[in-house]
Each structure stands twice: as structure tokens, then as C-alpha cells.
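Structure first, commentary second.
The values are calculated or read from the model by the stated rules, or taken from the named source; none is laboratory data. Bear in mind the structure is a predicted one, so any value in this text is a computation, not a measurement. Cβ sites come from the backbone with ideal geometry, for glycine too, and all protein chains shown count toward neighbours.
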């Protein structure tokens, strides 16, 4: 467990390198990430490589005991490459090239981009393979889909489809192209979504999104093959960029050693409390990609400003508190972006730990203290991990399918997942947010939000979990389509109808209208969607209170094997989820805290029989937390009573007694 910073030696006069290295050493920084945007300095003209400046910089920091992660510079193709090989540039839906001026201007299927990317990565790998200061690599920077329509993407898209479907007849059948006379009679007729994606066949668009992910994965794999060949003792990671994301992170990260995340919690007061909950979901999602601990490769050091107007400056304690939140939810290393604010370029006002004044200030001193705390507790936390008893399912395919066809005004797949996760977080229940294709055995509670795309294989796996004793929670728009994005011709929830013991007789996309339903003699509001349910073998447990379906079933529970399936036919307010989850937790024997103050979070890291509890006040106000006993604070080296008063952004870490067996 260690602390680092993102550093750009090419931006600074060499006289600053030694000063910075000395101050980093004194502060507790033990690693830096470099070079991910430095292609033009590493290869100033085609075939002329210059690594001497980077050698000198790495040597300067190595002498201070600071290790190095090198970012491959393929996010920023240099001007000489773009000018000489215009196929590098992606083309939009009207076939216009997207010119430089911003990073990420490259087509993943461009032969020139792949060729010259492989060359620069191999040169770097060979050069730094045996440098003792270099410990690992970051591929590129914040990959995302670029929706390119160039000739190379068109040709590769056809090949991709041929490999998946084998024949024109198969693709016509899978996509239902008979609608609007869209049938193909020759592979040459299939193109990327020229003209844009509005009103195009949703099966076609979803496959195009999948193709885009696979193209990017291939582009990254070129780099992985080179790095693994020449640097077998180095780790390889990639810094993903938050959620929601059309790019399939599960595929992207499959062959990486671990995942890294760029995490920027909002500093604005109106988002002060909600940001902590959104961040908790992002961190849990990141941990779930490979079901292991991860790195933070960038996180907040000052007010961000570049792609949007500047945010508020981090309130005292904010940087420290959200760093500990990251550790509490599985981060093993924290790299802050950036050491010093840039004097030039688009990100001049994406502030670093040190401002343009070059005078360390309040934020820097807070970071210095954080480094000391992490160094102090690292021996205890080393080798610990986060383990949840609850699984929430997530899918980039589901997200993309909902983006392709918005179901109703105000309905958003990821926002609804966020609301469910926030309810668990408010109760202090640690969740694993997992790819829907993951092994789910061992979880007592599985929440599967809106399985819009549902095939019999996933339905069967979920049925098995329930039969073995799990509780499965389903929500509206489950079982609507198969994986080709074509509607099932059977009652909803499609392949899960038998396990749920209920069918949807009719539905009303109510959007932003507010309706009400009753559950356990209490009334809750709901919006977005109302499934009017007909129980088959399930029991009705909630009923609508208004509109033409007043009195009709809104939710059911079905005993199935050793477990049960709960079907929620509407999208309720958060208060319902909190009550519903508490009820489920009591039934399943899950520990929870019913009176955790708003904005206060807990998490645990475990190793063997040892457990560490993190209590975090991620708000600007003082909060009072009631504990079950007196604990000893490992962070502050003092006893804390059962009634704990937490200052704004306060953190406490305690060792929990062993669980009784």
C-alpha cells in the first residue's frame, strides 16, 4: 500500500526535477506515473527516438527511492504521424476526419496507428525492461469508444460480423432486418452507422458497440503482447474512466494484471453528499471488474477545470477523506493527479497538489499528512481485501441497449442501479458489483436491475442460485429481449417467468409522473415504470394505489427451491429500497446499521480472521455515529466511545473482533 503522483517531467525545467524528487521523498511519495502523453518528445520525428530526457528524469527520482510506472503514449498521436498517415484519424458518421487539438484522436483499426503504436511501445519496452526503477506499465490513457466510420473500421466490422454470424441469412434472422426492408443480400451492403444512429436497427447498433469494444481490446492487446514479451517482471494496468461507459470494461481489463481507476469525486457543495455515494458505487464496480483490489491512478488534488468550468476547491479534509474511502473499498495504491498545476495546455486549471505559485499550501499539507497515515497503517492493511455478502449485477450491454432505445422519459439503467446501491451503502452493507456473467455462488442476496437483455443461460444460472438458497431481486424491464436485442415472444419477465412465478399482464411507462404503492402497511412513491403483475405461483406483497390499475399487484415474492425471487414491478423511491433491504437483511442474517447518518459510510477490509472497519464522514458537517462498543482508533491512537462524534470529513479505522462461528 503506497502513495504516488502523476508527474510530467517534459513540462518542467530540469532544475525542478531534483527539487520535486526531494520534496516527494520527504512527503512520502514512493512512485510516479510518467510519459502517457509524451509521444512527440519520445519520437520527435518518424523513426527518431529520444529517451534521454526520460532516462534522466527516472534516474533523478530513482535516486530518491521513487519508482516509476510508464504510460504508453498512444492516446496522443504526434502531428508528424497524423500529417503523414491521415488514416490514423477517426471519421465521424459523415466521414469527416476528427482533427487533433484534443487527445484521443486515433482510430483503433487504423493500420498506421497500430503499426506506429507497436513501434513506440516496443522501443520503450526494450529500453526500460531492465531499469530497476521501472516497475510497471499503464496502457494508453482512459480508453473509450470513438465510433469511427473509416474504411478500415467498415472492413473490419464486416469481418467481425462474418466471424460471429457466418452467413448473410443468419445476420438477417438475428437482427430482424425484414423490418423496413432492411435485409442484406451481400456483405458489402453492411457499413458502420453512417449518418448517425437514430432510428437504426437496435440489434445492428448494439453489435456495432460490441465491435467497437473488441477493436479497442485488440488495439490494447498489441501493446500487452509486446510488454509481456520484453518486460515479463513488470505489471500492466490501464486507468479506466468512471461510469457509466459504453466500452465493456470487463473485456478491456481481462488480460491486465489489475485495474486502475481515475476517480474524481465532486467537490461542489450541492453534490457534497451524493458524490460520496456515487463514488462508492464506482469503487465497488472497479473492484468487481476482476474481483480483486485495484489502484487509483488519478484522483483529486485541487479544483478540476478543463472539460467544464472549474469546480469548487476541495474543502479541508476532502482529499484525505476520499482517499481513505478508496482504500476502504479496495484500493491498494493511490496516485494523485497531479504534482503541480500545468502552466500551459488545456488542463492548466485542473489543479495539482501544488498551485502555479509553486508554493506548497493547505492542500499539499493535507496530502503530506495522508501519506504519513497510509505509511503508518500499510503494514496492517497489506494483503487485506473487501468481501461483500451481496451481489449487484451490472452490464455494459444492458447500459448500451437502454441508451439505444430509451424506454421512457426519466428512466436510466445506471441511475436506477445507483439508487439501489446507495440504499445498501446507507445501511452499511458491503456489496460486490459484478458482471452479470460472473460466478454468483455463495451470495445470500443477488440484485439484478433491469435484465433487459436476457438469455436462457443467464436465467438458468440465476435460477440455480435461488434454488440453492439465494434471494434474487428483479426489477422492471427484465426479460424483454434476447442478446441480439430482439424481443422475446412470450410474457415478461421472459426466461425468468417460471422462477419469478409471475407474469406482466400490462405495463404503463409513467415516466416522470409520480404514482404510489403500498408495502407492509406503508405507502411509497414510484415513477418511470409500472408493471401490472399477475401472480402465477408467487405471492402478492405490494399493490398500486392509483390510476386505472389501483389495487393491482406491484410486487411479488416466489418461493423457489431453497430460496426466493422478489419481483419489483415499479421503480420506487429510495426509502422503499432502504426498508426492503433491511427486511431482507434480517431474513438472511446480514449485518446492517439502520441509523447511519446521511453521508457517513462504512466498509471493511479483511485478511483471514482479521477485519478492519473504516468509518468515514464524507460530508461538510459534524455527524454522530452510534457504535456497538468502545473501539481503539488505529488511525488516531485513542479510544473512541459508543457515541462517536465525527468532524467534517473525519475518518476512523478500527480492528473488529473476530466473527463468531
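Can you give me the number of residues within the range 615-630 that are in a loop (DSSP other than H, G, I, E, B) and surrounded by 12 or more Cβ atoms within 10 Å (Cβ to Cβ)?
Summing the residues that are in a loop (DSSP other than H, G, I, E, B) and surrounded by 12 or more Cβ atoms within 10 Å (Cβ to Cβ) in the range 615-630 gives 6.
What residue, of 122, 93, is touching a residue at least 12 places away in the same chain (Cβ under 8 Å), surrounded by fewer than 22 Cβ atoms within 10 Å (Cβ to Cβ) and touching a helix residue (DSSP H, G or I) at 6+ places or on another chain (Cβ under 7 Å)?
122
Residue 574: buried (at least 21 other Cβ atoms within 10 Å of the Cβ), in contact with a helix residue (DSSP H, G or I) (Cβ under 8 Å, 6 or more places away or on another chain) and closer than 30 Å to residue 463 by Cα, yes or no?
Spelling it out, it is not the case that residue 574 is buried (at least 21 other Cβ atoms within 10 Å of the Cβ), in contact with a helix residue (DSSP H, G or I) (Cβ under 8 Å, 6 or more places away or on another chain) and closer than 30 Å to residue 463 by Cα.
Take the conditions surrounded by 14 or more Cβ atoms within 10 Å (Cβ to Cβ) and closer than 17 Å to residue 120 by Cβ and apply them to residue 61. Does it pass?
Spelling it out, it is not the case that residue 61 is surrounded by 14 or more Cβ atoms within 10 Å (Cβ to Cβ) and closer than 17 Å to residue 120 by Cβ.
Residues checked against (1) surrounded by fewer than 16 Cβ atoms within 10 Å (Cβ to Cβ); (2) modelled with pLDDT of 95 or more; (3) closer than 21 Å to residue 268 by Cβ; (4) in the same structural domain as residue 649 (by TED's automatic domain parsing):
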| position | (1), (2), (3), (4) |
| --- | --- |
| 315 | yes, yes, yes, no |
| 327 | no, yes, no, no |
| 341 | no, yes, yes, no |
| 348 | yes, yes, yes, no |
| 351 | no, yes, yes, no |
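Name every residue in the range 259-279 that is part of a loop (DSSP other than H, G, I, E, B) and touching a residue at least 40 places away in the same chain (Cβ under 8 Å), in order of residue number.
264, 265, 266, 267, 268, 272, 273
Residue 143 is checked against (1) more than 17 Å from residue 109 (Cα to Cα); (2) surrounded by 18 or more Cβ atoms within 10 Å (Cβ to Cβ) and fails just one. What number does that condition carry?
(1)
Scanning for something more than 30 Å from residue 307 (Cα to Cα) and surrounded by fewer than 20 Cβ atoms within 10 Å (Cβ to Cβ), does the range 98-109 turn up at least one residue?
No, the range 98-109 has no match at all.
I'd like to verify a number: residues in the range 96-112 that are touching a residue at least 40 places away in the same chain (Cβ under 8 Å) and assigned to a helix (DSSP H, G or I), how many?
Here the count works out to 1.
Tally time: how many residues in the range 19-59 are touching a helix residue (DSSP H, G or I) at 6+ places or on another chain (Cβ under 6 Å) and part of a helix (DSSP H, G or I)?
The qualifying residues number 4.
So which of 111, 73 ends up being within 28 Å of residue 157 (Cα to Cα) and within 29 Å of the chain's Cα centre (by Cα)?
73
Can you go through 227, 252, 222 and tell me which one is modelled with pLDDT of 95 or more, touching a helix residue (DSSP H, G or I) at 6+ places or on another chain (Cβ under 9 Å) and under 24 Å from residue 434 (Cβ atoms)?
Unique residue meeting the criteria: 252.
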